[in-house]
Amino acid sequence: MATVTIWNEYRHERENEAVEAVYPDGIHEALASVLQANHDVRTATLDEPEHGLTEAVLESTDVLLWWGHKAHDEVADEVVDRVQDRVLEGMGLLVLHSGHYSKIFKRLMGTSCSLQWREDDGLERLWVVDPGHPIAAGLDEYIELPKTEMYGEPFDIPEPDRLVFSSWFEGGEVFRSGCCYRRGSGRIFYFRPGHETLPIYEHEDVKLILRNAVEWAKPRDGAPRTFGNRTTPANEE
């Protein structure tokens, strides 16, 4: 069982009636309901002290989920520093939907993470392009989201270590929707679906992907990594 922290701005749900109607308790609570049967889950939001991401919280977090949209710039740089440090140490990070513009994702990618988008409630077909990857376990060759927001290429990110999902939209656009990275000892997964005015996180296959992604991203035991001046040769220890 992993300790999972779900971070959400929690602004849209309190300011926009259309979003509140879909996620009355907040996107973070909807995500928590997906994971809480198998993991120790807690939530944190932007307007809490230190955005709910204190050193103690992050130190005890195995996997952090991040959903942000309209208030990326309000996230304190010192909190971003903390999250980055924990990822490099081995904490898993799942960046969801518009979290591609978050400070932490841009920091870890080293690029603008910009893309194209269109809100038209069109069809998305999410193709499984790496069926052997653990995040795709239990899925058919594609899933369909009947109403979604379009994200389109170019997507200004580094080449993923593994691309698990690629989206096609009825407008003809395509997008890299499931991207895996390693930074330091930590695993990062970017997952595109999740527009706030649509019940994407109620889709059973999306729920399965999130559960699989947490299992993939959680820390693994391994040899310790040491840095700095080594005064004693390894063969003399």
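The values are calculated or read from the model by the stated rules, or taken from the named source; none is laboratory data. Just so you know, these numbers come straight off a predicted model, no measurement behind them. Virtual Cβ from ideal backbone geometry, glycine too; neighbours counted across all protein chains shown. For accessibility, only protein heavy atoms count, side chains too; no ligands or nucleic acids. Shrake-Rupley method; radii C 1.70, N 1.55, O 1.52, S 1.80 Å.
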Original post:
Is it true that some residue in the range 167-174 is over 14 Å from the mean Cα position of the chain (by Cα) and on the phi > 0 side of the Ramachandran plot?
Top reply: yes
Subject >> Residue, farthest from Glu13 (Cα to Cα), within the range 47-69, restricted to residues that are more than 16 Å from the chain's Cα centre (by Cα) and either modelled with pLDDT under 95 or of a type in the set (A, V, I, L, M) (or both) >> reply: Ala56
**OP:** Looking only at the range 76-94, decide whether some residue is at pLDDT below 95 and either under 27 Å from Lys207 (Cβ atoms) or surrounded by 24 or more Cβ atoms within 10 Å (Cβ to Cβ) (or both).
**Re:** no
**OP:** Evaluate the following for Asp130: is it farther than 20 Å from Ser98 by Cα and surrounded by 13 or more Cβ atoms within 10 Å (Cβ to Cβ)?
**Re:** yes
Original post:
From Glu215, Glu124, which residue is among the acidic types (Asp, Glu), part of a helix (DSSP H, G or I) and more than 23 Å from Lys106 (Cα to Cα)?
Top reply: Glu215
Subject >> Only one of Gly172, Gly138 that is among the small types (Gly, Ala, Ser) and touching a residue at least 60 places away in the same chain (Cβ under 8 Å) >> reply: Gly138
Subject >> Yes/no for Leu210 being of a type in the set (A, V, I, L, M), under 20 Å from Leu108 (Cβ atoms) and open to solvent by 40 Å² or more (accessible area, probe 1.4 Å) >> reply: no
**OP:** Check whether at least one residue in the range 181-203 is within 16 Å of Leu64 (Cα to Cα), modelled with pLDDT under 95 and open to solvent by 50 Å² or more (accessible area, probe 1.4 Å), and report yes or no.
**Re:** no
Subject >> Every residue from the range 3-45 that is assigned to a helix (DSSP H, G or I), open to solvent by 40 Å² or more (accessible area, probe 1.4 Å) and touching a Ser or Thr at 6+ places or on another chain (Cβ under 9 Å) >> reply: Ala18, Ala21, Glu29
